[in-house]
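What follows draws every value from the coordinates through simple rules; no lab data is involved. Here the structure is a predicted model, which means the values were calculated and not measured. Cβ sites come from the backbone with ideal geometry, for glycine too, and all protein chains shown count toward neighbours.
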Amino acid sequence: MNTAVFVILAYLLGSVSFGILVSKAFDLPDPRTVGSGNPGATNVLRSGKKAAALLTLLGDAAKGWLPVWLAKAYGLEVEAVCWIALAVFLGHLYPVFYKFKGGKGVATALGVLLAFSPLLAGLALLSWIAVFALTRFSSLAALTAAALAPGFAWLLLPQVGYIIVVFVLSMLLIWRHRSNIRKLLDGTEAGFGKKP
């Protein structure tokens, strides 16, 4: 029963979109109606409000971290923690509060990784930063970090269940970026400081 309650609550928390809430608080346009149409920190940043983007990033990452950390602190089995991690991530991708149309999950996945292992999250974040610094493409940075994360997990995490979750999260992240992949391949992807 405890696991089921945790999973449901994790999904509901994941369904909260900080990009939409923060944009409303800052009197900014709904991020689903501008730019890439994604309610994530990168698209909120396109509004020019760095504080709003930072709050979105922190909120989406925190909601990924909190339920997983609580489940581990509560002493739930690894299998239960894995289901909770997947639930919060799927809540972000397919939020019940927004007709199941959510974000791409980069910050929320980072929060989950942080709860699994701070070093794992740090390596994934460094991968994102390095690629973004070189290319100015947030999507390419996210795709690279997602591709590398399972390898980092394999090296760092002793629990096979956590490694499988990281792999699933990475595959879902890549799937959610499929339109960006097409744009990157045909040269139409918009990067920061670049013209589409």
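Determine the calculated [θ] at 222 nm for the chain from helices alone, applying -39500 (n - 2.57) to every DSSP H run no shorter than 4 residues and normalising by the residue count; nearest 500 deg cm²/dmol.
That comes out to -23000 deg cm²/dmol.
Under unit Cβ charges (Lys, Arg +1; Asp, Glu -1), what dipole magnitude, rounded to 20 debye, does the chain have relative to its Cα centre?
700 debye
Which length gain, in nm to one decimal place, applies between residue 9 and residue 155 when the Cα-Cα distance is subtracted from 0.36 nm times their residue separation?
Fully extending the segment from residue 9 to residue 155 adds 49.5 nm.
Once the piece of chain linking residue 186 and residue 100 is laid out straight, how much longer is it, given 0.36 nm per residue of separation minus the C-alpha distance between them?
28.1 nm
Roughly how far apart, in whole Å, are the Cα centres of the stretch 89-118 and the stretch 162-184?
12 Å
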